[in-house]
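See below for the structure under consideration.
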Amino acid sequence: MATLTPQAPSPASTAAPGRGGIWEWITTTDHKKIGILYGFSSILFFVVGGVEALFIRLQLAVPNGEILSADAYNQMFTMHATTMVFLVVMPIASAFANYFLPLQLGARDVAFPRLNAFSYWLYLAGALFLTVSFFVGGGADGGWFGYAPLSTQVTEVVRMDYWSLGLQVLGVASIASSVNFITTVLTMRAPGMTLMRMPVFSWMVFIISFLLLFSLPMVTVGLIQVFLDRNIGTLFFDAANGGDPVLWQHLFWLFGHPEVYVLILPAMGIVSEVLPTFARKPLFGRSFVIFSGIAIGFMGFGVWAHHMFTSGLGPVAEAAFALTTMFIAVPTGVKIFNWLGTIWGGSLELNTPMLFSLGFIFLFVIGGLSGVTHSIVPADSQQHDSYYVVAHFHYVLFGGAIFGIFSGIYYWFPKVFGKLLNERIGKVNFWLMFIGMNLTFAPMHVLGLNGMPRRTYRYAEGLGLDVWNLVATIGSLVLALGIAVFLYNGWRTFRKGEVAGPDPWDARTLEWTTSSPPPEHNFDRIPVVHHEDDFWHQKYTTDEEGRAVAIPADLRPVVAEGPDEDIHLPSPSYHPALAGLGIFVMLLGLVYVPWGLIAVGVGGIGFLWGMFGWSLEPLVRGDH
Ligand code: HEM
Ligand SMILES: [Cu+2]
């Protein structure tokens, strides 16, 4: 039994965990290491998705582009979007959630550490499976929402089999994470950490876990039906034989719209952590930020058909979904006003994490406003499937989600790696991305209103599309340069970055009470919480005018008065990784039936071995 004697609570006391060899990473069940694995994997796929986007932009830089064929172009935008949504933005949120949820709650790990490891290896299996398709016959080419009957057409290639199976596995990985995060929030909070004292980022993780839990099953059913229509001749979406292709649209968007909130709410949570830290003010209307997140969670399930205003649903349904879509702008607006209220009158520190958060607010508002124009049915029937829509979702997904994520990377990097990303390079990174992003996507509003359809690999000369397409492509190159500067900053910091102490930003929440990086067991003693922003209240009090007054270190309250206890840590295990590998092999086999059945068998053995080994091994270290 691994027993660690409790130490006096000093955040910098315990040594950082070793980097560890490959085997340690394959067998880890430590939420921090799993968070780092998610982080590096999704940044790698960000580069892949970015290169795919550059190919698209280079093809469209001039009329009658010759760089990509129509077939290659279809693969490029489908895989670009699938990569960015499922292999980048979702897993990066898992990276932050894995690393920081237990720390923000005052816990030692998530509720189910091995399930946590399994969700990572399943994500990696699904991600590699989807990407491998490029090299064996071509990537998915039916668009990221795979409308039937295009996606169910049986041709000589199996690209959409990879797509439908790959997304199913990624869905299971997300459901596994969601179960873990919900259970962790409900059962692992430190004493005194009431739900309303929980940091806003943790709240957003909690909310998106429910969104995933309730939306993924719908698309999973549809994906199975797509695979069956393609492989065993069922007729779910075959209109000529009593099936209904519009059914697929409903199943996809019943997932797809809650999904966009899964993409944006974590970024909103990060911004809600960063703004108070660098405005030196508590989050304005904190409980409203939390409740509007909950409201968005619920209302997000009632707007899906606004993606189908041109699918012939009829005026009653269209009017209803137009209304619900307009309503959802209200809780979103509440958040924006609360962020503005936080920075209003604050003493702002405009460092890189803060710049990305301010950029997030500016760009997300632009995306939100064009979103409201989509909710007006007659206007949407003009905008639908045009570059105006492409501009809209890149302002909310790139300007919103990605900018929020970059704010989180610059904010939490010192906690995870013990070093500060370089501030001067960080500012160059921000401005290149901010200028590049607007140069790329702002012209797309004009292109769309000038009638340029999306998903078209070429356009003719003299249609008024030439100049803005060239500007958009130049913008995407500036954006790419910005991302290269970010990667350079990371590499340089690992090599010779400035060492960060436990609390480099003088922040407010519990993760900053530990060393940077935190010890494997996170806290020597489980903290006892008395306030929201508890760490801030350990360091500051307020005078009669409400101004913050620092409490001298020797007068600060002792944080951990809780009972001594043994520190239990989950034991490392190779079984989740083995089960993930088994699934990967099974997937490859399923695409190439009947010969593939051999691989299905071999993969199946690996999967079952992993599952049984996992269920029979000791729970914590030293247990027999
Ligand atoms: C790195 C910078 C990016 C550039 C230059 C870029 C560029 C583009 C372009 C030009 C298209 C339209 C292709 C067409 O319809 O013909 C597109 C489609 C799309 N992009 Fe991006 N994008 C970028 C980043 C992102 C990010 C970060 C996300 C999501 C998180 C994203 C999600 C999408 C989606 C969902 C589509 C629709 C694909 C489809 O129609 O099936 N993009 N992108
Ligand atoms: Cu939507």
Item to complete: Output the residue which, of all residues in segment 570-590 that are assigned to a helix (DSSP H, G or I) and of a type in the set (Gly, Ala, Ser), is nearest to Lys32 (Cα to Cα).
Response: Ala577
Practice prompt. Could you grab me the full set of residues in segment 158-201 that are among the polar types (S, T, N, Q) and under 17 Å from His530 (Cα atoms)?
Written response: Thr194
Worksheet entry | Tally, over segment 445-476, of residues that are in contact (Cβ under 8 Å) with a residue 12 or more places away in the chain and closer than 21 Å to Gln75 by Cα | 11
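Condition check ((1) under 33 Å from the mean Cα position of the chain (by Cα); (2) open to solvent by 70 Å² or more (accessible area, probe 1.4 Å); (3) closer than 27 Å to Asp30 by Cα; (4) outside the structural domain of Leu101 (by TED's automatic domain parsing)) across all residues:
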| residue | (1), (2), (3), (4) |
| --- | --- |
| Trp512 | yes, no, yes, no |
| Ser516 | yes, no, yes, no |
| Ile526 | yes, no, yes, no |
| His531 | yes, yes, no, no |
| Gln538 | yes, no, no, no |
| Asp543 | no, no, no, no |
| Arg547 | no, yes, no, no |
| Ala550 | no, no, no, no |
Worksheet item: Which of the following residues is over 29 Å from Ser119 (Cβ atoms) and either in the same structural domain as Leu587 (by TED's automatic domain parsing) or surrounded by fewer than 18 Cβ atoms within 10 Å (Cβ to Cβ) (or both): Ile294, Ile224, Ile232?
Response: Ile232
Worksheet item: Does Ala401 fit the bill of being within 16 Å of ligand 2 (Cβ to nearest atom), at pLDDT 95 or above and either more than 24 Å from the chain's Cα centre (by Cα) or open to solvent by less than 30 Å² (accessible area, probe 1.4 Å) (or both)?
Response: yes
Worksheet item: Does Leu283 satisfy being away from ligand 2 (no atom under 15 Å from the Cβ), farther than 30 Å from Thr541 by Cα and buried (at least 22 other Cβ atoms within 10 Å of the Cβ)?
Response: no
Practice prompt. Could you check Leu251 against (1) buried (at least 18 other Cβ atoms within 10 Å of the Cβ); (2) more than 15 Å from ligand 1 (Cβ to nearest atom); (3) in contact (Cβ under 8 Å) with a residue 40 or more places away in the chain and say which number it fails?
Written response: (3)
Worksheet item: Which members of segment 297-307 meet the condition of being within 12 Å of ligand 2 (Cβ to nearest atom) and open to solvent by less than 20 Å² (accessible area, probe 1.4 Å)?
Response: Gly300, Val303, Ala305
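Yes/no matrix, rows are residues, columns are (1) on the phi > 0 side of the Ramachandran plot; (2) without any contact (Cβ under 8 Å) to a residue 12 or more places away in the chain:
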{"residue": "Gly146", "(1), (2)": "yes, no"}
{"residue": "Leu150", "(1), (2)": "no, yes"}
{"residue": "Thr183", "(1), (2)": "no, no"}
{"residue": "Met188", "(1), (2)": "no, no"}
{"residue": "Val200", "(1), (2)": "no, no"}
{"residue": "Trp203", "(1), (2)": "no, no"}
{"residue": "Ser209", "(1), (2)": "no, no"}
Practice prompt. Please verify whether segment 94-117 includes one or more residues that are aliphatic (A, V, I, L, M), in a loop (DSSP other than H, G, I, E, B) and open to solvent by 10 Å² or more (accessible area, probe 1.4 Å).
Written response: yes
Worksheet, complete the sentence: When Thr310 is run through (1) within 16 Å of ligand 1 (Cβ to nearest atom); (2) open to solvent by 50 Å² or more (accessible area, probe 1.4 Å); (3) in contact with a Phe, Trp or Tyr (Cβ under 7 Å, 6 or more places away or on another chain), the failure sits at (3)
Practice prompt. Enumerate the helices (runs of 4 or more DSSP H) found wholly within segment 351-463, keeping only those where 3 or more residues are more than 21 Å from His306 (Cα to Cα).
Written response: 352-374, 403-417, 423-449
Fill in: Which listed residue, of Ala61, Ala81, Ala53, Ala70, is surrounded by fewer than 24 Cβ atoms within 10 Å (Cβ to Cβ), within 16 Å of ligand 2 (Cβ to nearest atom), in the same structural domain as Phe201 (by TED's automatic domain parsing) and at pLDDT 95 or above
Ala81
Practice prompt. Any chance you could count how many residues in segment 86-101 are more than 15 Å from ligand 1 (Cβ to nearest atom) and of a type in the set (S, T, N, Q)?
Written response: 1
Worksheet entry | Tabulated pairs, segment 294-309, first within 19 Å of Met268 (Cβ to Cβ) and modelled with pLDDT of 95 or more, second among the charged types (D, E, K, R) and away from ligand 1 (no atom under 16 Å from the Cβ), C-beta under 9 angstrom, 6+ apart or interchain | Ile296/Lys335
Worksheet entry | Evaluation of Tyr123 against (1) among the aromatic types (Phe, Trp, Tyr); (2) closer than 30 Å to Ile567 by Cα; (3) over 18 Å from the mean Cα position of the chain (by Cα) (one fails), failing number | (3)
Item to complete: From the list Leu186, Leu124, Leu128, Leu167, pick out the single residue that is open to solvent by 10 Å² or more (accessible area, probe 1.4 Å), under 17 Å from Tyr592 (Cβ atoms), assigned to a helix (DSSP H, G or I) and not β-branched (Val, Ile, Thr).
Response: Leu128
Worksheet item: Taking Glu544, is it in contact with an Asp or Glu (Cβ under 7 Å, 6 or more places away or on another chain) and in a loop (DSSP other than H, G, I, E, B)?
Response: no
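The values are calculated or read from the model by the stated rules, or taken from the named source; none is laboratory data. Just so we're clear, the structure is a prediction, and the values are computed from it rather than from any experiment. Counting neighbours? That spans all protein chains shown, and the Cβs are built from the backbone with ideal geometry, glycine included. Protein only, heavy atoms only, side chains kept; ligands, DNA and RNA dropped before computing areas. Shrake-Rupley method; radii C 1.70, N 1.55, O 1.52, S 1.80 Å.
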